[in-house]
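Remarks on the structure that follows.
The values are calculated or read from the model by the stated rules, or taken from the named source; none is laboratory data. Keep in mind that this is a model prediction, so the values were computed, not measured. In this analysis, Cβ positions are derived from the backbone assuming ideal geometry, glycine residues included, and neighbour counts consider all displayed protein chains. Only protein heavy atoms, including side chains, enter the accessible area calculation; ligands, DNA and RNA are left aside. Shrake-Rupley method; radii C 1.70, N 1.55, O 1.52, S 1.80 Å.
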Amino acid sequence: MSYPGYPPPAGTYPPQPGFYPPQPAGYPPQPGAYPPQAGGYPPQAGGYPPQAGGYPPQAGGYPPQAGGFPPQPGAYPPQPGSYPPQAGGYPSPLPTGTWGGGPSGGYPSTAPGSYPSPGYNAGMPGGTMPQQQYPGMDQPGQMMPGYPQAPSPNPPQQPMPGFGGAPSPNPSMPAYGGGAPSPNPSMPAYGGGAMPVAPFSNKVFRGTIIDFPGADPLKDVEVLRKAMKGFGTDEQAIIDLLGSRSIKQRVPLLRAYKTSYGKDLIKDLHSELSGDFRNLVMAMLKSPAELDASELHSAMKGAGTDEACMIEILSSRSNAEIKEINRIYKETYKKSLEDAIRSDTSGHFCRLLISLAQGNRDERENIDVSLAQQDAQALYAAGENKLGTDESKFNAILCARSKPHLRTVFYEYQKMCGRDIEKSICREMSGDLESGMLAVVKCIKNTPGYFAERLYKSMKGAGTKDRTLIRIMVSRSEIDMLDIRQEYVKNFGKSLYTHIHGDTSGDYRKLLIKLCGGND
């Protein structure tokens, strides 16, 4: 094969052993190719004469060239037959996909702000290229910042946006580390020292209901259909099935039942069951957001409002859960949750509920102690340290700050004024606002303890608040029921299992015990 425009002359050079890449037959000598090297072999008159069998092997390869780079420590020794280093700098780059030319697709692009690496040839057998010194490199031989196995200028344990005093992508949440005043007074910037690092989150499952291995919705609805078919109802079969399936295994039963039998599972169960047992079964067949939206609607329906139910749901759910509740509520009841709250409540309590219903609480895990101290001072100045109470300051801090941050605020508050935040709220507020603020504080301080108290009050005294009991048992059974049981024994001297067993009866009790998961 010859290149276009060059006829294959007779007597051309044969391929030379050790010369890469191989030259095609008929490749003529190029004028000016391989100029004489300073300190190297003397130029041959008229170019290289044809060698029989190629050049004789040279011991140790070509000698080092004057002006070339010295070998790098730790690099591979020069290979026999490789090109000699060029005097005064690097050889011209080779095409990609060839020896020393890098991968055919090119090198991966560097991250913004990282330096390029001229002459970087990964895996080059002839040795590594000497590295150019860039600003920010402490000493010669240091690896390029941003390359694999090189120390990065910004360590990976600080992944928060806006670090290092750079502008934050969220203007309402200013950058860390600057110590500058916040443009939004209700959300001051974390300032002062180094940026707090979020601890590694390793949440452990603390629920009592887990996924049933190998559950098949079509087989499960067959069991339910058989339990309701004919004379009477096999309640125990329903208890055994629903009490051993997680929520993500129970909700698909509605569609599977309709697919198999062309009927509505909810309507069939509603007609076969009764009382609190039926209400519990209905609650267990709703998704968490559907159950919460339904409970909020019931709390505001008719005469009177169940303020405690509303505070319980809105203060204990995550931002994502609250946003899903808002969506389901609007879709189901053709009215936004905020409008429903505004039409059923008033004053500062209404503002508290609307703030919580935004689902916009800071959910970062890091804590800034200096900011916590500022918030504690602000709460003290808004309540104990003034005539009257600035409820809006309590609202802004309790509804916007992260839960780990607020726990530190409560600790700093007690250390500063010698009184629990709960006692200050009781002294400064009254009515629904007092109850609501207390519930928010208790839920933030100790969520399992708060729900243990709610369960205890639902069964305490004459009668049982079954709606509260059902809602908490269903909603917490896959989150923290084991922790709630521990808090129950510690705070009230008997187990949750024992209290449920003594306060309820029949099939209703059996299914509640399944959700409870055992005695303590």
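Among residues of the range 308-334 being surrounded by fewer than 21 Cβ atoms within 10 Å (Cβ to Cβ) and of a type in the set (Asp, Glu), the one that is nearest to ARG476 (Cα to Cα) is GLU321.
Against the list (1) closer than 23 Å to LEU285 by Cα; (2) free of Cβ contacts under 8 Å to residues at least 24 places away in the same chain; (3) outside any helix (DSSP H, G or I); (4) not basic (Lys, Arg), the condition GLY463 fails is (1).
Among the residues of the range 216-239, write down those that are surrounded by 16 or more Cβ atoms within 10 Å (Cβ to Cβ), under 38 Å from the mean Cα position of the chain (by Cα) and of a type in the set (D, E, K, R). Listed by number, the list holds a single entry, ASP220. Applying a threshold of 8 Å to beta carbon distances and a minimum spacing of six or more residues, or different chains, the list of pairs starting in the range 225-251 at a residue that is in contact (Cβ under 8 Å) with a residue 40 or more places away in the chain and ending at one that is in a loop (DSSP other than H, G, I, E, B) and among the aromatic types (Phe, Trp, Tyr) reads SER244/PHE212; SER246/PHE212.
The residues on offer are TYR456, TYR508, and the sole one that is surrounded by 17 or more Cβ atoms within 10 Å (Cβ to Cβ), among the aromatic types (Phe, Trp, Tyr) and in contact with a Phe, Trp or Tyr (Cβ under 6 Å, 6 or more places away or on another chain) is TYR508. Just to be sure before I move on: is SER355 free of Cβ contacts under 8 Å to residues at least 40 places away in the same chain, open to solvent by 10 Å² or more (accessible area, probe 1.4 Å) and under 23 Å from MET310 (Cβ atoms) in the structure I sent? So SER355 does not fit the description; no.
The residue of the range 422-448 that is surrounded by the fewest Cβ atoms within 10 Å (Cβ to Cβ), among those that are modelled with pLDDT of 95 or more and of a type in the set (Val, Ile, Thr), is THR447.
One residue alone among ALA293, ALA308 is within 29 Å of TYR257 (Cβ to Cβ) and within 33 Å of the chain's Cα centre (by Cα), and that residue is ALA293. Taken over the range 485-505, the criterion of being crowded, with 21+ Cβ neighbours inside 10 Å, touching a Phe, Trp or Tyr at 6+ places or on another chain (Cβ under 9 Å) and not hydrophobic (A, V, I, L, M, F, W, C) is satisfied by ARG485, GLU487, TYR488.
Working only within the range 387-410, note down all residues that are free of Cβ contacts under 8 Å to residues at least 12 places away in the same chain and touching a helix residue (DSSP H, G or I) at 6+ places or on another chain (Cβ under 9 Å). Across the range 387-410, the qualifying residues are GLY388, ASP390.
So which of SER298, SER260, SER294, SER271 ends up being open to solvent by less than 30 Å² (accessible area, probe 1.4 Å) and polar (S, T, N, Q)?
SER294
Every condition in (1) modelled with pLDDT under 95; (2) in a helix (DSSP H, G or I); (3) of a type in the set (A, V, I, L, M, F, W, C) holds for LEU352 except the one numbered (1). Considering (1) assigned to a helix (DSSP H, G or I); (2) crowded, with 18+ Cβ neighbours inside 10 Å, the lone condition that THR389 does not fulfil carries the number (1).
None of GLU338, GLU312, GLU307, GLU324 is free of Cβ contacts under 8 Å to residues at least 24 places away in the same chain and closer than 27 Å to MET437 by Cβ except GLU338. Condition check for GLU478 on (1) part of a helix (DSSP H, G or I); (2) farther than 20 Å from ALA308 by Cα: one failure, at (1).
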